[in-house]
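Encoded as structure tokens, the structure appears first; notes follow it.
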Amino acid sequence: MKKRKNRVDYKWAAWVLILTFVISISLSGIFTSLSTLGIVLSLCLLFTFIALGILFDMLGTAVTSCPEAPFHSMATRRVKGAKESIWLIRNNEKTANFCNDIIGDITSIVSGTTAVMIAGNLSEFFPFISITALQIVVTGIVAGLTVGGKSIGKNIGINKDKEIMTFVGRVMHIAGIKKEI
């Protein structure tokens, strides 16, 4: 069994802070500039971000619950992606932090911001409903879809952890993101 370190990795924390800042302002800038796109395209982008948040949250859960042993057998049989899966599992704290916190949380925040912008656009079609009421309803729908989806995703992540990690390892291998163990 791998011995756990009892110290805080400040270098990783600083990297997470900078990466989160850069991704957040980039995505917020993109979504703010896309506010003129129209309802249909804005909704498509919103649902894409909700789905990304759910998928990355599921991956972050899977990596923390997945055992490493089956992937050693795959690696000795030279199954493509097995070494990448082992690397992710061995670095599960950072992988889960990246997936759940950086990507998962940022997509949730950007989705909330987008929901408010969509509510503003909807107010043009429904001038008899206050913009505040529209913002509350749209934000509630987005929050419900996000939290409900992440709940389902966590369940899948726990129950299908090996399959998810096998798939992600293969995708990394195909994409050329090779990690040696």
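The numbers here are math on the coordinates, done by the rules we state, and not lab data. Predicted model, so just to flag it, every value in this text is computed and none were measured. Every residue, glycine as well, gets a Cβ built from its backbone with ideal geometry; the counts of neighbours run over all protein chains shown.
In segment 150-181, what residues are among the basic types (Lys, Arg) and under 16 Å from the mean Cα position of the chain (by Cα)?
Listed by number, the residues that qualify are Lys150, Lys154.
Return yes or no: is Ser65 within 30 Å of Lys178 (Cα to Cα), surrounded by 14 or more Cβ atoms within 10 Å (Cβ to Cβ) and of a type outside the set (A, V, I, L, M, F, W, C)?
Values: within 30 Å of Lys178 (Cα to Cα): yes; surrounded by 14 or more Cβ atoms within 10 Å (Cβ to Cβ): yes; of a type outside the set (A, V, I, L, M, F, W, C): yes.
Judged against the criteria, Ser65 is a match.
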Selection from segment 150-177 of residues that are free of Cβ contacts under 8 Å to residues at least 60 places away in the same chain and among the β-branched types (Val, Ile, Thr): none
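How many residues does segment 120-142 contain that are under 18 Å from Gly38 (Cα atoms) and outside any loop (DSSP other than H, G, I, E, B)? Steps first, answer last, please.
First pass over segment 120-142, keeping only residues under 18 Å from Gly38 (Cα atoms): 120-127, 131, 134-135, 138-139, 142.
Restricting the remaining residues to those that are outside any loop (DSSP other than H, G, I, E, B) gives 120-125, 131, 134-135, 138-139, 142.
Counting residues in segment 120-142 that are under 18 Å from Gly38 (Cα atoms) and outside any loop (DSSP other than H, G, I, E, B) gives 12.
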Filter result for Thr107 (closer than 25 Å to Ile50 by Cβ, of a type in the set (S, T, N, Q) and either surrounded by 22 or more Cβ atoms within 10 Å (Cβ to Cβ) or in contact with a helix residue (DSSP H, G or I) (Cβ under 6 Å, 6 or more places away or on another chain) (or both)): yes
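Kindly indicate the residue of segment 143-181 that is part of a loop (DSSP other than H, G, I, E, B) and among the aliphatic types (A, V, I, L, M) and also surrounded by the most Cβ atoms within 10 Å (Cβ to Cβ) among those meeting that condition.
Residues of segment 143-181 part of a loop (DSSP other than H, G, I, E, B): 160, 175-181.
Subsequent filtering for residues that are among the aliphatic types (A, V, I, L, M) retains 175, 177, 181.
On the way: Ala175: 9, Ile177: 12, Ile181: 14.
Taking the candidates together, the pick is Ile181.
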